[in-house]
Amino acid sequence: MNILISGSLAFDRLASYPGLFKDSILEGRLDILNISFVVDSVERVHGGTAGNIAYNLSLLGEKPLILSSLGKDPDGGDYLRKIQSWGLSVDGINLSEELPTAGCYIATDRDNNQLAFFHSGALDSPSPFQPEKLPSGPGDSLALVGPGGREDMLRLSREYRRLKIPFILDPGQQIPVFTGSELLSMLEGALLLITNEYELDLFLQKTALKQRDLFSLARALITTFGSRGSRLLDKESERQIAAVPVTRALSPTGAGDAYRGGLLKGLSRGLPLLNCCRLGAVTAAYCVEAPGTQGQVFTLDEVKERYRSAFQEELPLAD
């Protein structure tokens, strides 16, 4: 099956703040916010939603096609070589002559609250990828429209809907750049909407919808809650998915993307949605235990064993 992952490719600068952001922010004074947080470490890592999701899928034995853009700069060349080292094609990646590779600056406090600043750079150059030109045809495809270039997100969701390619909308940190009507247009016909808790509230605020209204546009809604697990919601039921216990929690950054990698693996193999979410919870746990967003290493056999231990059932997934 073709697994198409659009979204960002970026270099993340991850900073660790030993305190709590809220302790340094004066209540009711956000209109004149002027503050500095002194961090105790900074690390530069390969990141971006498309890159992180694709990396986790490669560990699970899949070969997704990344649809994104990099700059023709040293960072862009570095990332291309990294993706090729995973055994993945770079044919869906556009190289911008004028714009630099995207960058994200993320600070995490002691309670795993995060502040992020993102420079889109080359992501503002639309990808030339045309879904209808897939060698095996659109009928054997599954896609995720992740937070990346604005024009790519609008175009690809429209094209997937036209070609009847099942797709997940994962608007993430790009929600603020769209109008409410644009968000609804992207969601129409989606298999799933996946967000974290804060992103869901923002999505509902911008679209002026109630949560129940989303099911007229998408089949189901997945919401992640960090260490509190995730929730699968559709018209008929609400199911909670427990977070998988971790041996050591190093960083939450990238865990949501790892979850999406597991989710897509299950969906590509025809598993029920609940099993797909549980598989996502397992891959997310590996990310939390590792440095950076692509520092985890696991095999499918290890994932199956951890799934069995966490959920007291076999993962119904053949190799």
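Can you name the condition, by its number, that residue 80 falls short on among (1) crowded, with 18+ Cβ neighbours inside 10 Å; (2) modelled with pLDDT of 95 or more?
Every condition holds for residue 80 apart from (1).
Kindly evaluate residue 10 against the criterion of being among the small types (Gly, Ala, Ser), in contact with a Cys (Cβ under 7 Å, 6 or more places away or on another chain) and crowded, with 20+ Cβ neighbours inside 10 Å.
Working: among the small types (Gly, Ala, Ser): yes; in contact with a Cys (Cβ under 7 Å, 6 or more places away or on another chain): yes; crowded, with 20+ Cβ neighbours inside 10 Å: yes.
Against the criterion (among the small types (Gly, Ala, Ser), in contact with a Cys (Cβ under 7 Å, 6 or more places away or on another chain) and crowded, with 20+ Cβ neighbours inside 10 Å), residue 10 qualifies.
In this structure, does residue 152 turn out to be crowded, with 21+ Cβ neighbours inside 10 Å and not in a loop (DSSP other than H, G, I, E, B)? If you could, list the steps in order and put the result at the bottom.
Values: crowded, with 21+ Cβ neighbours inside 10 Å: yes; not in a loop (DSSP other than H, G, I, E, B): yes.
Answer is yes for this residue.
Could you tell me whether segment 71-85 includes any residue that is out of contact with any Cys (no Cβ under 9 Å at 6 or more places or on another chain), over 19 Å from residue 120 (Cα atoms), without any contact (Cβ under 8 Å) to a residue 12 or more places away in the chain and among the hydroxyl-bearing types (Ser, Thr, Tyr)?
The answer is yes; a qualifying residue exists.
Just the residues that are closer than 20 Å to residue 274 by Cα and surrounded by fewer than 17 Cβ atoms within 10 Å (Cβ to Cβ), please, taken from segment 197-220.
197, 211, 212, 215, 219
Taking segment 272-295 on its own, how many of its residues are surrounded by fewer than 19 Cβ atoms within 10 Å (Cβ to Cβ) and among the charged types (D, E, K, R)?
Summing the residues that are surrounded by fewer than 19 Cβ atoms within 10 Å (Cβ to Cβ) and among the charged types (D, E, K, R) in segment 272-295 gives 1.
Here is a check on your reading of the model: is residue 69 closer than 30 Å to residue 152 by Cβ, assigned to a strand (DSSP E or B) and touching a Gly at 6+ places or on another chain (Cβ under 9 Å)?
yes
If I filter segment 123-137 down to residues being free of Cβ contacts under 8 Å to residues at least 60 places away in the same chain and outside any loop (DSSP other than H, G, I, E, B), which single residue comes out as surrounded by the most Cβ atoms within 10 Å (Cβ to Cβ)?
124
Do you know which residues across segment 138-167 are of a type outside the set (A, V, I, L, M) and within 15 Å of the chain's Cα centre (by Cα)?
146, 147, 148, 149, 167
For segment 238-263, how many residues are crowded, with 20+ Cβ neighbours inside 10 Å, touching a residue at least 40 places away in the same chain (Cβ under 8 Å) and not aliphatic (A, V, I, L, M)?
Number satisfying all stated conditions: 8.
Is segment 206-214 home to any residue that is closer than 23 Å to residue 236 by Cα, in contact with a strand residue (DSSP E or B) (Cβ under 9 Å, 6 or more places away or on another chain) and polar (S, T, N, Q)?
yes
Here's a check for you: in segment 87-124, which residue that is in contact with a helix residue (DSSP H, G or I) (Cβ under 7 Å, 6 or more places away or on another chain) and among the polar types (S, T, N, Q) is nearest to residue 45 (Cα to Cα)?
The residue in question is 101.
Quick one: residue 39 ticks every box in (1) β-branched (Val, Ile, Thr); (2) under 20 Å from residue 293 (Cα atoms); (3) not in a loop (DSSP other than H, G, I, E, B) except a single one, so which number is it?
All conditions are met except number (3).
Test residue 124 against the criterion of being closer than 22 Å to residue 148 by Cα and either in contact with a Ser or Thr (Cβ under 9 Å, 6 or more places away or on another chain) or not hydroxyl-bearing (Ser, Thr, Tyr) (or both), and give yes or no.
Yes; evaluated as a whole, the condition is true for this residue.
Output the residues belonging to segment 17-63 that are hydroxyl-bearing (Ser, Thr, Tyr) and touching a residue at least 40 places away in the same chain (Cβ under 8 Å).
Matches in segment 17-63: 17, 49, 55.
Please specify each residue of segment 51-66 satisfying the condition of being in contact with a Pro (Cβ under 9 Å, 6 or more places away or on another chain) and under 22 Å from residue 119 (Cα atoms).
53, 54
So which pairs qualify, if the first residue must be in segment 218-237 and in a strand (DSSP E or B), the second must be among the aromatic types (Phe, Trp, Tyr), the Cβ gap must be under 9 Å, and the two must be at least 6 apart or on different chains?
221/215; 222/259; 224/259; 230/259; 231/225; 233/215
The values are calculated or read from the model by the stated rules, or taken from the named source; none is laboratory data. Quick caveat, the model's predicted, so the values are computed rather than measured. Cβ atoms come from the backbone with ideal geometry, glycine included; neighbour counts cover every protein chain shown.
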